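Structure record follows, encoded as structure tokens.
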Amino acid sequence: MMRNAFLKLLHGELPDEIVWTADLSYWMEGRRADGSARPEWFTEQGFLELHREYGVFPYYYYDKFCAFEVRYDGPVTVEQQVNGNTTVQRITCPAGELVSEQAYLPDSCCCGTTKHFIENERDLDIFLDLLQYRRLLPANVDDYPRRLMAWETWDGIPGLALPRSPLAALTAEWAGVEHTVYLLLDCEEKMRAAMALLEAQEAPILDAVCALAPPIVHFIDNLSSENLAGLYDEFMADRHRARLRRLHAAGVAGVVHLDGTVKGLLPKLAEVGFDAVEALTPQPAGDLELAEIRALVEDTKTILWGGLPGVMFAPPYTWDDMRRHLERLLETWHGHPFVIGVADQVPPDGDISFCKRISEMI
């Protein structure tokens, strides 16, 4: 059973078999877009049945993934307007208005941000005011024990995610990488104040998760070395350490999402104490070969999670390309704790039959 093997890995024990995970949600959205999706896939049981069909360890169920929800109190309004493929969101507080825009890209079944909420110091001042009225509440926690037990029948474990760390939240949700870097250079004191407020708001979520004590929680920071490696030591490392100390004291393993370039951040993430680093993307899509990724954590117990680039599920790659890559992965990572995973997702134009073949091969 992959579930038992996964739990053994988290406890530093030798597993009985190889664990194989795949985030199928992006591929599912592609099928919904072209009209070929089965409606039951988008229910929890249908999601689990789909994973059983393809021999994949169930984990990434996003309807109940986040252990938190955002609430705004007082004189704050949040409005959203959809115009064709463009979505505009407006958040108004006493200090002013913040606006973001996202464009849906039909060809790739995904969204891209075309305007961030925070683009300059004036926006940052409004954001600091907005944070006075913002709070995080626990979500998807009360029914987690029931779901954890139910998923055992399907040989899976439901993932549960903490809020993004403050710097990651700024780059992914509020300002983007470029604006964040310029604001750190020009308005460091205000940026540190914003990150301190974001961190303080995490407290109820961390308390609830530690009381719940799930087997594992996900840090959804969506890291990439080319963007954040140079900022990590000063703005993220201590926050990660503090979270992990609390989690480990409660018997909870922590895994962080690193789905971009690997070289700069993987050693840092291992050093601060993450039990696993997930969505590791090697060449031909990433910056390092499989052996180079292993070498970065050779003297640690950090679980390598990933190894199968999502691009290899789609043309011009073939099953023979994937088979040879998987053989290299098994040979190269043998002897170090690892979970085989798609890095980052099976794409909408991916060949889903590869998942079943990978399962059979493993």
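Where a number appears in this text, it was derived from the coordinates with a stated rule and is not lab data. Please read these numbers as outputs of a predicted model, since none were measured by experiment. Cβ: placed from backbone, ideal geometry, glycine included. Neighbour counts: every protein chain shown.
Measuring how big region 286-354 is from its alpha-carbon positions, Rg and Dmax come out at 12.5, 38 Å. The mean of 1/r over all pairs of different alpha-carbon atoms in region 237-362, once inverted, gives a Kirkwood hydrodynamic radius of 15.1 Å. Under 5 Å from the amide H of Lys115 lie the amide H atoms of Glu101, each residue being 5 or more positions distant or on a separate chain, with H modelled from the backbone and absent for Pro and chain starts. Once the C-beta distance of Ala295 and Asn4 is scaled by a Förster radius of 35 Å, the resulting FRET efficiency is 0.75 to the nearest 0.05. Counting only lysines at least 8 places from Lys64 when in the same chain, those with an alpha carbon closer than 25 Å to its own are Lys8. Looking at the chain alone, DSSP beta bridges between its own residues are antiparallel in about 50 percent of cases. For region 83-239, the dipole from Cβ point charges (+1 on Lys and Arg, -1 on Asp and Glu) about the Cα centre works out to 480 debye, to the nearest 20. For region 177-256, the C-alpha radius of gyration sits at 1.22 times the compact-globule guess of 2.2 N^0.38 Å, with N the residue count. Across q = 0.15, 0.18 Å⁻¹, region 70-133 modelled as identical point scatterers on its alpha-carbon atoms has Debye log10 I(q)/I(0) values of -0.51, -0.69, in the order of the q list.
Taking amide H as placed 1.01 Å from N in the peptide plane, the amide H of Phe338 sits under 5 Å from that of Leu304, each at least 5 places away or on another chain. Applying a DSSP loop filter and a limit of 12 other Cβ atoms within 10 Å to the GluC sites (Glu not before Pro) in region 268-362 leaves Glu298.
Taking Cβ atoms as reference points and 13 Å as the exclusive limit, the residues near Glu188 contribute a net charge of -2, counting Lys and Arg as +1 and Asp and Glu as -1.
Rounded to the nearest 500, what is the 222 nm mean residue ellipticity of the chain from helices alone, with -39500 (n - 2.57) per DSSP H run of 4+ residues and division by all residues? Only helices count here, giving -12500 deg cm²/dmol.
For a straight C-alpha distance cut-off of 23 angstrom, the lysines reachable from Lys115 (same-chain residues fewer than eight places away being disregarded) are Lys190. Here the 3J(HN,Hα) profile of region 207-213, calculated from phi with Karplus coefficients 6.51, -1.76 and 1.60 at θ = phi - 60°, is 4, 5, 5, 5, 5, 5, 6 Hz, Gly and Pro shown as x. Note that region 232-242 has calculated 3J(HN,Hα) couplings of 4, 4, 7, 10, 10, 4, 5, 5, 5, 4, 4 Hz, one per residue in order, obtained from phi through the Karplus relation 6.51 cos²θ - 1.76 cosθ + 1.60 (θ = phi - 60°); glycine and proline are x. Note on region 1-97: Cα convex hull, mean projected area over all directions, 10.3 nm². Under 5 Å between amide hydrogens, built in the peptide plane, is the criterion, and for Leu280 it picks out Trp305, Gly306, Gly307 among residues at least 5 positions away or on other chains.
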